[in-house]
Amino acid sequence: MLQPKQQKFMKQQRGRLTGVDKRGSTLAFGEYGLKVLEPGWITARQIESARIVIARSLQKEGRFWVRIFPDKPVTATPAETRMGKGKGAIEYYAAAVRPGRVIFELTGIDPAEAEEAVRRAGHKLPIKTKFIRRELL
């Protein structure tokens, strides 16, 4: 699974997920994509699960890109632990995404297959997503 090789600081605060993404909101590499419609955290496991679904549906035909990376460490303290004693250990890594962000891109397959692959990948994620297509001018 994905996680950073090194970081400046081990633990991070949660932060806020307000507004919409202007960076990474258009298709840069492929013809089809999966766009985020609501803010949230996507864990490294969820990204990997969606990636496997897309890779299996492509079957060595097309190509795809993962446009997000889980670089946010999420900590948790064990259950039934008293307050105090500091911040918990890192449990997993997540990617913080805002509405408008393109998280997967595909190319090299027909639109019906691409839409089905992206729809299945979207079911693996904890947020609402939609299929987008490059508009030819």
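The single condition among (1) closer than 23 Å to GLY108 by Cβ; (2) under 13 Å from the mean Cα position of the chain (by Cα); (3) not hydroxyl-bearing (Ser, Thr, Tyr) that ALA44 does not satisfy is (1). The set of residues in the stretch 35-66 being basic (Lys, Arg), surrounded by 15 or more Cβ atoms within 10 Å (Cβ to Cβ) and under 16 Å from ALA117 (Cα atoms) consists of LYS35, ARG51. LYS22 passes every criterion in (1) of a type in the set (D, E, K, R); (2) outside any helix (DSSP H, G or I); (3) surrounded by 12 or more Cβ atoms within 10 Å (Cβ to Cβ) apart from (3). Considering (1) touching a Pro at 6+ places or on another chain (Cβ under 9 Å); (2) not in a loop (DSSP other than H, G, I, E, B), the lone condition that TRP65 does not fulfil carries the number (1). Does PRO78 satisfy the criteria of being at pLDDT 95 or above, over 13 Å from THR43 (Cα atoms) and either basic (Lys, Arg) or not in a strand (DSSP E or B) (or both)? For PRO78, the condition - at pLDDT 95 or above, over 13 Å from THR43 (Cα atoms) and either basic (Lys, Arg) or not in a strand (DSSP E or B) (or both) - is not met.
Only one residue in PRO111, PRO70 is within 22 Å of the chain's Cα centre (by Cα), closer than 24 Å to LYS35 by Cβ and surrounded by 13 or more Cβ atoms within 10 Å (Cβ to Cβ), so which one is that? PRO70 is the lone residue from the list that is within 22 Å of the chain's Cα centre (by Cα), closer than 24 Å to LYS35 by Cβ and surrounded by 13 or more Cβ atoms within 10 Å (Cβ to Cβ). Checked against the criteria, VAL36 does not count as touching a residue at least 60 places away in the same chain (Cβ under 8 Å), under 30 Å from GLY19 (Cβ atoms) and out of contact with any strand residue (DSSP E or B) (no Cβ under 9 Å at 6 or more places or on another chain). Of all residues in the stretch 97-118, those being part of a helix (DSSP H, G or I) and farther than 30 Å from GLY15 by Cβ number 7. For LYS128, indicate whether it is among the charged types (D, E, K, R), out of contact with any Ser or Thr (no Cβ under 8 Å at 6 or more places or on another chain) and either closer than 23 Å to GLU38 by Cα or modelled with pLDDT of 95 or more (or both). Considered against the rule, which asks whether it is among the charged types (D, E, K, R), out of contact with any Ser or Thr (no Cβ under 8 Å at 6 or more places or on another chain) and either closer than 23 Å to GLU38 by Cα or modelled with pLDDT of 95 or more (or both), LYS128 comes out as yes.
Can we say GLU105 is of a type outside the set (A, V, I, L, M) and in contact with a Gly (Cβ under 6 Å, 6 or more places away or on another chain)? Criteria met by GLU105. In the stretch 79-92, the residues that are in contact (Cβ under 8 Å) with a residue 40 or more places away in the chain reach residues that are of a type in the set (Gly, Ala, Ser) with C-beta atoms within less than 9 angstrom, at least six apart or across chains, in these pairs: ILE90/ALA76; TYR92/ALA44; TYR92/ALA76.
The values are calculated or read from the model by the stated rules, or taken from the named source; none is laboratory data. Because the structure is predicted, anything quoted here is derived from the model rather than measured. Because the Cβ atoms are built from the backbone with ideal geometry, glycine has one as well, and the counts that use them run over all protein chains shown.
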